[in-house]
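Here's the structure, in structure tokens; my notes come after.
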Amino acid sequence: MTNETAAAKGPIQSRKPLGWKMEGMIALTIIVLVGVIVMFLVTNGAGLHVEPVVPIETLTFDQTVLHPGTIEFTIRNTSPQPITISAININDAFWPFTATPGTTIPRLRQATVKLDYHWVQGESYDVDFFTANSIRVSTNIPAAAETATPTGNTLVSYLLIGLYVGVIAALDDVPDGDYSGVTDFPGH
């Protein structure tokens, strides 16, 4: 049989029309699917947005400053809800503290916690912060030493170091005093 004779006979019917039962099953499937989607949206995700059993509370310690008789911690709340600091334990002893702006830290905000504590130079301190939900967040001071405060002399010292390391070292690498290409970048 050639292509000419196949074309002369007309189109070949390959499918039977769907019966009313099959059309009804397809319609019922679509209706049930739409119903489940609507139910999911109406019930707020079918209850999938529940609060965790244990609250998620995390703090990051941005800075620890030690001065004679005091320890200051700058902490940041990185958890999804506000955190209230209820107690601080240093080397297995609870210690009174003050927090600025307050003991409740909103999400992604920071606070400064100050303790009047007579620390000893070179000693190690384990510090545990307890939240209102009794969740412990720990940090460690491996070797206590007074935190240096910046002064004018410190600024001048860093300025001289930067001048020596950055500018003088770059000029020292210039061959035969030819400073014409000092501003060129390597490889250009």
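If we scan region 22-33, do we find a residue that is assigned to a loop (DSSP other than H, G, I, E, B), modelled with pLDDT of 70 or more and not small (Gly, Ala, Ser)?
No, that holds for no residue.
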Checklist entry - In region 54-89, what residues are within 14 Å of residue 146 (Cα to Cα) and of a type outside the set (Ser, Thr, Tyr)? => result 63, 65, 66, 67, 68, 69, 71, 72, 73
Next on the checklist: I'm checking my understanding of the structure. Among residues of region 83-138 that are of a type in the set (Phe, Trp, Tyr) and over 14 Å from residue 55 (Cβ atoms), which one is surrounded by the fewest Cβ atoms within 10 Å (Cβ to Cβ)?
Outcome noted: 94
Next on the checklist: With the condition being in contact (Cβ under 8 Å) with a residue 60 or more places away in the chain, I'd like the strands (runs of 3 or more DSSP E) fully within region 37-139 carrying at least 3 qualifying residues.
Outcome noted: 59-67
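The values are calculated or read from the model by the stated rules, or taken from the named source; none is laboratory data. Because the structure is predicted, anything quoted here is derived from the model rather than measured. Glycine also receives a Cβ, built like all others from the backbone with ideal geometry; neighbour counts cover every protein chain displayed.
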